[in-house]
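Encoded as structure tokens, the structure appears first; notes follow it.
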Amino acid sequence: MSNAKITIVGAGNVGATTAHIAAGFKLGRIVLLDIVKGLAEGKALDMAEAGPVQGYDGRIIGTTDWSKTEGSDIVVITSGLARKPGMSRDDLLAKNVQIVKEVSQNVAKFCPDSIVIVVSNPLDAMVYTAGKVTGFPKKRILGMAGVLDSARFCHFVSLELGVSSKDIRGILMGGHGDDMVPLPRLTTVSGIPITELLDKQTIDRIVERARKGGIEIVDLLGSSAYYAPAAGVVKMAEAIVDDSKAVLPCSVFCQTEYNAGGCFVGVPAVLGKTGVEKIIELKLNAEERAQFDVSLSHVKELAAKVDRLL
Ligand code: NAD
């Protein structure tokens with residue numbers, strides 16, 4: 001079992017589920033923190049008590065006290081409001097920027113050497129907030145969205161083709177919104193591009209469903225998804241803890257890369273023990289580039305709003 005210390009801020013749906021999956025993966029010592037008294041403590045104790053049954057050591061504590069997070073290697077920020085039916089992720093910005101600001105100040109104070117994975121929405125704007133408030137080197141600030149969005153895309157491909165989702169590899173870029181950019185030509189089933197297996201109309205339908213994947217769950221559930229988002233976070237944390245150099249789509253700081261001009265946006269990145277170890281620059285075709293630019297300008301608009309609110 002790894003001895004990494006992982007703090008998860010927010011013990012709601014995404015935070016608690018992340019803690020539970022991470023415990024099952026024996027990812028390290030887990031601190032679950034929330035502002036609501038008793039919530040993180042209760043959920044952490046419950047998860048620790050599942051350890052003897054599930055075969056992990058109950059190294060999970062819950063707290064409202066930031067001093068318990070000292071020395072964390074990774075901090076996952078899930079604190080903030082989640083969408084309700086009829087809301088866009090952008091509607092959360094004004095409230096969540098204040099929550100992520102306060103949390104980031106504590107991260108800078110108590111966990112100055114940590115790698116931060118932001119989950120709160122609107123994602124890319126909240127990653128920008130955490131980057132700005134902590135002042136951490138950019139390679140230590142990441143956002144989780146692409147792992148989730150591409151998992152959704154791969155799941156829909158597997159349903160359409162009737163093949164194992166384990167054989168499907170997909171990549172998706174841009175901001176975490178309806179203008180995200182799935183890349184069907186680079187999505188493969190055991191190395192076979194799906195453009196060889198599905199017609200354009202079917203692919204377009206799957207792309208659209210992936211783009212609206214978040215709201216599909218919100219409309220069913222009344223609040224936002226958490227099993228797949230939490231699995232996405234654990235995938236990123238695992239790459240960092242294991243120094244595995246996994247290639248995952250994440251919101252990371254791009255300056256010259258993709259001519260992004262200095263913003264956090266979803267691109268494929270190599271993750272290892274120092275955080276973002278490399279950004280992979282794909283040669284996008286004209287249509288993909290145009291879609292990416294639309295997404296990029298939306299991400300930049302939201303970052304400008306954050307600047308006005310901070
Ligand atoms: P939730 O309401 O279940 O949990 C949020 C928790 O944050 C609550 O327990 C709340 O008490 C806590 N919190 C609020 N302010 C805090 C603070 N200052 N310090 C510590 N804890 C605080 O919500 P959820 O469903 O877990 O979603 C959390 C966030 O993740 C939302 O913003 C949601 O939109 C986002 N989300 C992102 C993705 C993604 O792909 N990036 C996916 C799903 C959800």
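The values are calculated or read from the model by the stated rules, or taken from the named source; none is laboratory data. Keep in mind the model is a prediction, meaning the values are calculated, not measured. As a convention, Cβ positions derive from the backbone with ideal geometry for all residues, glycine included, and neighbour counts pool all protein chains shown. Surface accessibility is based on the protein's heavy atoms, side chains included, excluding ligands, DNA and RNA. Shrake-Rupley method; radii C 1.70, N 1.55, O 1.52, S 1.80 Å.
When Ile206 is tested against (1) open to solvent by 10 Å² or more (accessible area, probe 1.4 Å); (2) more than 16 Å from the ligand (Cβ to nearest atom), only condition (1) is not met.
For region 213-239, taking the residues that are open to solvent by less than 10 Å² (accessible area, probe 1.4 Å) and touching a strand residue (DSSP E or B) at 6+ places or on another chain (Cβ under 7 Å), the one that is farthest from Thr78 (Cα to Cα) is identified as Ala239. Of the listed requirements (1) within 16 Å of the ligand (Cβ to nearest atom); (2) over 25 Å from Ala303 (Cα atoms); (3) open to solvent by less than 60 Å² (accessible area, probe 1.4 Å); (4) of a type outside the set (Asp, Glu), Cys250 misses just one: (2).
Residues are listed down the side, and each one gets a yes or a no for (1) farther than 16 Å from Val127 by Cα; (2) touching a helix residue (DSSP H, G or I) at 6+ places or on another chain (Cβ under 8 Å); (3) touching a residue at least 40 places away in the same chain (Cβ under 8 Å):
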| position | (1), (2), (3) |
| --- | --- |
| Tyr226 | yes, yes, yes |
| Ile240 | yes, no, yes |
| Ala269 | no, no, yes |
| Gly275 | no, yes, yes |
| Phe292 | yes, yes, yes |
| Ala304 | no, no, no |
| Arg308 | no, no, no |
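In region 50-58, is there at least one residue being in the same structural domain as Val100 (by TED's automatic domain parsing), at pLDDT 95 or above and closer than 16 Å to Val233 by Cβ? No: zero hits. In region 180-199, the residue that is farthest from the ligand (Cβ to nearest atom) out of those that are hydroxyl-bearing (Ser, Thr, Tyr) and open to solvent by less than 50 Å² (accessible area, probe 1.4 Å) is Thr188. Filtered by the rule that a residue be on the phi < 0 side of the Ramachandran plot and either buried (at least 24 other Cβ atoms within 10 Å of the Cβ) or within 18 Å of the chain's Cα centre (by Cα) (or both), region 161-179 gives Arg169, Gly170, Ile171, Leu172, Met173, Gly175, His176, Gly177, Asp178, Asp179.
For (1) of a type outside the set (Lys, Arg); (2) not in a helix (DSSP H, G or I), each residue gets a yes or a no:
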| site | (1), (2) |
| --- | --- |
| Val147 | yes, no |
| Ser150 | yes, no |
| Phe153 | yes, no |
| Val157 | yes, no |
| Glu160 | yes, no |
| Lys166 | no, no |
| Met173 | yes, yes |
| His176 | yes, yes |
| Asp179 | yes, yes |
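For the condition closer than 18 Å to Ala246 by Cβ and among the aliphatic types (A, V, I, L, M), Leu123 does not qualify.
Residues considered: Ser104, Ser114, Ser120, Ser158. Of these, the only one that is more than 11 Å from the ligand (Cβ to nearest atom), open to solvent by less than 50 Å² (accessible area, probe 1.4 Å) and not assigned by TED's automatic domain parsing to the domain that holds Glu208 is Ser114. Restricting region 135-160 to residues that are among the β-branched types (Val, Ile, Thr) and within 18 Å of the chain's Cα centre (by Cα), the residue that is nearest to Val97 (Cα to Cα) is Ile141.
The combined condition, being outside any helix (DSSP H, G or I), open to solvent by less than 10 Å² (accessible area, probe 1.4 Å) and within 16 Å of the ligand (Cβ to nearest atom), is fulfilled by Leu142. Of everything listed in (1) modelled with pLDDT of 95 or more; (2) open to solvent by 10 Å² or more (accessible area, probe 1.4 Å), the single unmet condition for Ala94 is (1). Which ones in region 44-86 are of a type in the set (A, V, I, L, M, F, W, C), within 30 Å of Arg211 (Cβ to Cβ), within 11 Å of the ligand (Cβ to nearest atom) and open to solvent by less than 60 Å² (accessible area, probe 1.4 Å)? Matches in region 44-86: Val76, Ile77, Ala82. For region 1-20, a residue qualifies if it is surrounded by fewer than 19 Cβ atoms within 10 Å (Cβ to Cβ) and either within 13 Å of the ligand (Cβ to nearest atom) or among the hydrophobic types (A, V, I, L, M, F, W, C) (or both), and the qualifying residues are Met1, Asn13.
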